[in-house]
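Have a look at the structure below before the remarks.
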Amino acid sequence: MIYITRENTAIVRKPMPACFAFGQAYDVIVAGCGTAAVISSLVLAEKNTNLLIIDRLNNLGGTHTNIVNGYYYGSAGGKYEAVDARIDAMMQQHGHVATLGGNAHPDVRAAAYEQALLRSGCTLSFNSWICGVYLERNRLVGIRYLDAQGVFQDAGCRLAIDGTADALLCHLSGLPTAGGRRSDGAYQPYSVVLMYCDQQSGQVHSTNKDAGYIDLDSTNEYDASIIDAYTHEAYLKDSYDSTDQYIRFAPLLGVRESRRIISREQMDFQDFLTGKKSDQPLFYIYSNFDNHTKDLAFEDDLQNDWVVAMNLWGVTASLGVPLGALIPRDIDGVLVAGRHLGVDHIMAAHARMMRDMQKLGEAVGEIAAYALEHNCLLTEIDRSAILEKLRQSGCYDPADDLGIIDARPKGTGQPVLYPRDLDGIRQLLASDRPGLGMLAALRLAARIDVKSSIRQWFAAGEETLRYNCACLLALLDDDTGESILLEAARTRDRKRLETSRKYNHDRGMTAVYLLGRLGSCAAIPLLCDLISRRELLRSDPIEFDEYISNIDDHQFQYLSHAVRALGSIARLRPEEQGFIHHFLQEKILQNPFPVFVTLKASTTRFDLGQRIRDYVSHILQNK
């Protein structure tokens, strides 16, 4: 047996003597009892499992209890609905308005979880910290933690559930994990949350303000961010009145993304884009790809294709989650319950909604119960047996597979459906909501020749159809519409498409991105001019919205996408690399300047000039 811990960020492995014995032994240890893992715990508790729950907070439920007390998208069905009903009953008992599971008072939710688990005989260890793990022949068999009294405890287990949301058990076990985006490792922005009571309805609500970026591996940075959250400009007022019935600040930051496992079956955005999906899902999750970042230019091509080129930020999709996405690769005895399941960076923006995390927790609870009952490895689980349990509770329902739909496009209450043929694709390309038509064409292009049809539409179409066809052809690596894109970029065409309910991009900005993606040499002077004369961007007449909420945002988007586009051209056109690299070195690195941006629902200005300089360094280092 070996003990693995982390000392000053380094993973340290220590052999244990043969005489070592655990102080206590459990069937299952739940490390971190958040939104998903608390449902796993309730499932196991109903089966009289000998259960130890360790959490660093003083309550259960993590994000759902302490930060996001309502629901945003997600699929209905499963045991969590019965839990929500019990919470509603408790709300009414204590004089609060029933909410059908949404906007529950945090203390009521926490109490409901705690009472149910204590009645079943579970052991709860609050205010406790995971310190290390014990492995025997590549199987996790125990955990060391520091309890609330400051005493180290060594507990053995047959199975462990990693509910830490940042894959801590897997990380401590020495397993490979995934982080943020590829260019700089950055995660999505975090939020600060304040809960308050509506005096008219009596319901509990929360405000959610994006507050910055954070290195989640830096304890000092995390602590400083929590302190800053309590003095966030959104919550400081000159005076307060009876309508400001604040309940509390969230004791956690609203972190949307953190370390994720490399699982036995990964869920990758590239597969989703091409139409590939698991043929053996345990349940379905449903949302848009809810990325909150403003510096999209530094995201991967696939993310920019989705949001900048096709304007599909608000489009929703159902994704089937397979058994293998919940099991870490290269180790046994561990399941994951939380947003750290086996997804890539782009998919992580989808696979994190409250309803879906609770469904995930139920599935993990049933998997663990099966493994205990049959004394089998996690790789030997009978999926059909688990699926039947989930079907009975409503967690698995084939009707939850809704496919792809723009449920709430801007300016209309009517959904835009995913087209199934060329006629449907052309109809959308001729409109101001072309995104799903572009996606359908990209998928169809893998099977048949669609370029010839698109070129014909481009040649014979009116202005809207020609522009949208030019964008689609660029996504298919065809420069037929290059002149249209050059003109849109040159004039900074401010027409904004309406595929998404929000976060649609100006046609000029989309053109800048696509010219880089094409490797357009003709765009180099234009892109260099955007950077050299960046102050002129501040004179553009702009219609502001939630994404481009001020002139700083507008300038940052054009500037960052111009830098990205030049980097893409340098990579695709080696003959232009020397000039572009020299230009970026001179204009960006040798003459640093601030570039400000605001985050969603916030007026605080963040200087992302260093991020642009870091991205240029990334371009220069990856020739």
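Before moving on, here are some points about what is shown:
- Normalised by 2.2 N^0.38 Å, where N is the number of residues, the alpha-carbon radius of gyration of the stretch 332-488 equals 1.47.
- Heavy-atom accessible surface of the stretch 502-623: percent carbon and sulfur, 1.4 Å: 50
- Computed P(r) (all Cα pairs; the stretch 428-534; 10 Å bins; percent): 15, 48, 30, 6, 0
- Lys237-Gln199 FRET efficiency (beta carbon distance; Förster radius 22 Å; 0.05 resolution): 0.85
- Enclosed volume per residue, in Å³, of the convex hull spanned by Cα atoms of the stretch 580-623: 67
- Using R0 = 35 Å, the C-beta based FRET efficiency linking Arg455 and Glu586 works out to 0.35.
- Proximal charge balance of Arg260 [Cβ under 13 Å; K/R count +1, D/E count -1]: +1
- Estimated inter-spin distance, Asn48 and Cys131, nm [label 7 Å along Cα→Cβ]: 3.4
- Principal axes of the chain: Cα extent on each, largest first, Å: 73, 59, 55
- The phi-based Karplus calculation (6.51 cos²θ - 1.76 cosθ + 1.60; θ = phi - 60°) puts the 3J(HN,Hα) values of the stretch 361-376 at x, 4, 4, 5, x, 5, 5, 4, 4, 5, 4, 5, 5, 9, 6, 10 Hz, whole numbers, x for Gly and Pro.
- Neighbour-limited loop hits for trypsin sites (Lys or Arg not before Pro), the stretch 232-321 (at most 12 other Cβ within 10 Å; DSSP other than H, G, I, E, B): Lys237, Lys276
- Dipole magnitude (debye, nearest 20) for the chain, charges at Cβ of Lys, Arg, Asp, Glu: 520
- Rounded tilt (10° steps) of 551-572 against the dominant C-alpha axis of the chain: 80
- Ile227/Gln427 FRET efficiency (R0 45 Å; Cβ-Cβ; nearest 0.05): 0.25
- The base-10 log of I(q)/I(0) for the stretch 503-562, evaluated at q = 0.15, 0.25 Å⁻¹, reads -0.43, -1.08 [Debye formula, identical scatterers on Cα atoms, solvent excluded].
- Surface composition of the stretch 1-140: carbon and sulfur atoms hold 50% of the protein heavy-atom accessible area at a 1.4 Å probe.
- The stretch 308-395 - percent of accessible surface contributed by carbon and sulfur, probe 1.4 Å: 43
- Between the exposed loop cleavage positions of the chain, defined as chymotrypsin sites (Phe, Trp or Tyr not before Pro) in a non-H, G, I, E, B DSSP state with at most 14 neighbouring beta-carbon atoms within 10 angstrom, the longest gap is 241-543.
- Helix 79-93 and the longest principal axis of the C-alpha atoms of the chain enclose an angle of approximately 70°.
- Convex hull volume of the stretch 550-617 per residue (C-alpha atoms, cubic angstrom): 77
- Kirkwood estimate for the stretch 478-589, i.e. one over the average of 1/r between Cα atoms, Å: 14.3
- Loop-located trypsin sites (Lys or Arg not before Pro) in the stretch 456-564 whose Cβ has at most 16 other Cβ within 10 Å (DSSP): Arg494, Lys495, Lys502, Arg533
- Potential lengthening between Ala522 and Arg490 on full extension [0.36 nm per residue; Cα-Cα distance subtracted]: 10.4 nm
- Projected over all directions and averaged, the alpha-carbon convex hull of the stretch 319-381 occupies 4.2 nm².
- Pairwise centroid distance, computed over Cα atoms, of the stretch 22-81 with the stretch 111-162, Å: 12
- Using just its DSSP H runs of length 4 or more, each adding -39500 (n - 2.57), the chain gives a mean residue ellipticity at 222 nm of -10500 deg cm²/dmol after division by all residues.
- Rounded tilt (10° steps) of 106-119 against the dominant C-alpha axis of the chain: 40
- Calculated P(r) tail over 20 Å for the stretch 103-231, as whole % of Cα pairs: 65
- Residue-by-residue Karplus 3J(HN,Hα) for the stretch 377-394, coefficients 6.51, -1.76, 1.60, Hz, glycine and proline x: 6, 5, 6, 9, 4, 7, 4, 4, 5, 5, 4, 5, 4, 6, 5, 4, 7, x
- Between the stretch 262-281 and the stretch 481-530, the alpha-carbon center distance in angstrom: 31
- Pair Asp147, Ile2: separation of 7 Å Cα→Cβ label points (nm): 2.9
- Exposed GluC sites (Glu not before Pro) absent - longest run of the chain, DSSP non-H/G/I/E/B, at most 14 other C-beta within 10 Å: 234-461
- Cross-link reach is defined here as a Cα-Cα straight distance under 30 Å, omitting same-chain residues fewer than 8 places apart; for Lys277 the lysines meeting it are Lys79, Lys294, Lys359, Lys389, Lys410, Lys451, Lys502.
- Distance (nanometres) between label positions extended 7 Å along Cα→Cβ at Arg538 and Gln621: 3.1
- Taking amide hydrogens as placed 1.01 Å from N in the peptide plane, the amide H of Gly212 sits under 5 Å from those of Tyr190, each at least 5 positions away in sequence or on another chain.
- Each 10 Å bin from zero up to the one holding the largest Cα-Cα distance in the stretch 477-527 carries the following percent of pairs: 27, 52, 20, 1.
- Cα-based Rg / Dmax (Å) for the stretch 188-347: 19.1, 57
- Derived scalar couplings ³J(HN,Hα) [the stretch 484-497; Karplus, 6.51 cos²θ - 1.76 cosθ + 1.60; whole Hz; x for Gly, Pro]: 5, 5, 4, 5, 5, 6, 5, 8, 6, 3, 9, 5, 10, 5
- Surface per residue (accessible, 1.4 Å probe) for the stretch 285-357, Å²: 12
The values are calculated or read from the model by the stated rules, or taken from the named source; none is laboratory data. Source: prediction; values computed, not measured. Every residue, glycine as well, gets a Cβ built from its backbone with ideal geometry; the counts of neighbours run over all protein chains shown. Only protein heavy atoms, including side chains, enter the accessible area calculation; ligands, DNA and RNA are left aside. Shrake-Rupley method; radii C 1.70, N 1.55, O 1.52, S 1.80 Å.
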